[in-house]
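Read through the structure below, which is laid out as structure tokens, and then see the notes.
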Amino acid sequence: MSYQKKFRLDGERAVVTGGGRAIGLCCAEALAEAGAAIVVVERREEDAREAVALRGKGYEIEIRVGDVTDSARMEAIASELADSGRPATILVNNAGIGQSGIAAEDVTDADWLRMMDVNVNGVFWCSRAFGRHMVALKRGAIVNLGSMSGNICNRPQPQTAYNVSKAAVHHLTRSLAAEWAHHGVRVNAVAPTYIETPMVAAVEANKERIPIWLADTPMGRMGAPEEVASAVLFLASGAASLMTGAIVNVDAGFTCW
């Protein structure tokens, strides 16, 4: 038996939502390096420029424009890939939004609904659209981007809406895993800690929050997008063939305390 071969994805077609930047881009590259053909789904074509640049490394990268909150568009993309004779066999539900620093009593209806629409509905619409074809094939792997915030309540920033959305992603993961296991489709999630991305760095309030985050983290540091992508690659590959319904903490030990 070759354990290294278990991590290979030759012949697989992987869809990565929000795959044009940060964690999603690293996921796309990790899966491509393992041999998968990649389909990056972004809301705007210009958001996928960095993903397109991966073609320079010899990777097969396609771009599909679509918003994960548009269920009809996600169904159309899934059908287009299936009709081409190469349906997606891997789905990484990475697209998501975050919002913090707003007390629960000040969260607007629009803020709440937008959070749930992208982070929960979007994950389900994509899982349903691409999962339908995986069920028909009797094989496939879905990896959702959850968060340690789906397991704990962060401090010092209030972020009830985000926390609830990620907790929903975790239970959606377990529910789909239980329902689709007998179809040969595995569904898992990763739950990252705070990750150093341009989005996090751009929030002025985070300069005061970061020391508190690090003090609450056994490893004393934030994570890198590549470290999340490594866990996604594992869960998408045959190396995780006995895993479904798992929520894998990639959190530098944050949830240990």
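Calculate, in nm to one decimal, what Ile210 and Val65 gain on full extension: separation in residues at 0.36 nm each, minus their alpha carbon distance. Don't skip to the end; give the middle numbers.
Numbers: separation 145, 0.36 × 145 = 52.20 nm, distance 3.43 nm.
Working it through step by step, the gained length comes to 48.8 nm.
Pick from Met134, Met74, Met219: which residue has the top mean-square fluctuation in a GNM of the chain where Cα pairs under 10 Å get a spring?
Met219
For the range 4-249, what is the relative contact order in percent, using Cα pairs closer than 8 Å and at least 6 residues apart in sequence?
Working: 479 pairs, mean separation 51.0, N = 246.
Relative contact order here is 21 percent.
Go ahead and set up a Gaussian network model of the chain, Cα springs under 10 Å, then flag whichever of Ile195, Ile102, Ile23 fluctuates most.
Highest fluctuation of the listed residues: Ile102.
For n ≥ 4 DSSP H runs only, could you compute -39500 (n - 2.57) per run for the chain, divide by its residues and tell me the 222 nm figure to the nearest 500?
Working: 9 runs with 101 residues, N = 257.
Computed mean residue ellipticity for the chain: -12000 deg cm²/dmol.
Most mobile of Val200, Val41, Val68 per a Gaussian network model of the chain (Cα springs, under 10 Å)?
Per the Cα network of the chain with a 10 Å cutoff, Val200 tops the list.
So how many Å³ per residue does the convex hull of the Cα atoms of the range 26-159 work out to?
Working: hull volume 17.9 nm³, N = 134.
Per residue, the Cα convex hull of the range 26-159 comes to 134 Å³.
Going by how many other Cβ atoms sit within 10 Å of their own, how do Arg43, Arg221, Arg13 line up, fewest first?
Going from sparsest to densest Cβ surroundings: Arg221, Arg43, Arg13.
In the P(r) worked out for the chain, what percent of Cα pairs fall beyond 32 Å? Let's see the in-between values first.
Numbers: 5830 of 32896 pairs.
The share of Cα pairs beyond 32 Å in the chain comes to 18 percent.
So for the chain, if I pair up every lysine 8 or more residues apart or on another chain, how many of those pairs have alpha-carbons under 29 Å apart? Let's see the in-between values first.
Values: Lys5/Lys57; Lys5/Lys138; Lys6/Lys57; Lys6/Lys138; Lys138/Lys166; Lys166/Lys207.
Step by step, the pairs that qualify in the chain add up to 6.
Only the coordinates and a few stated rules stand behind these numbers; no lab work does. Small disclaimer: the values here were computed from a predicted structure and weren't measured. Methodologically, a virtual Cβ is constructed for each residue, glycine included, from the backbone with ideal geometry; neighbour enumeration extends over all protein chains shown.
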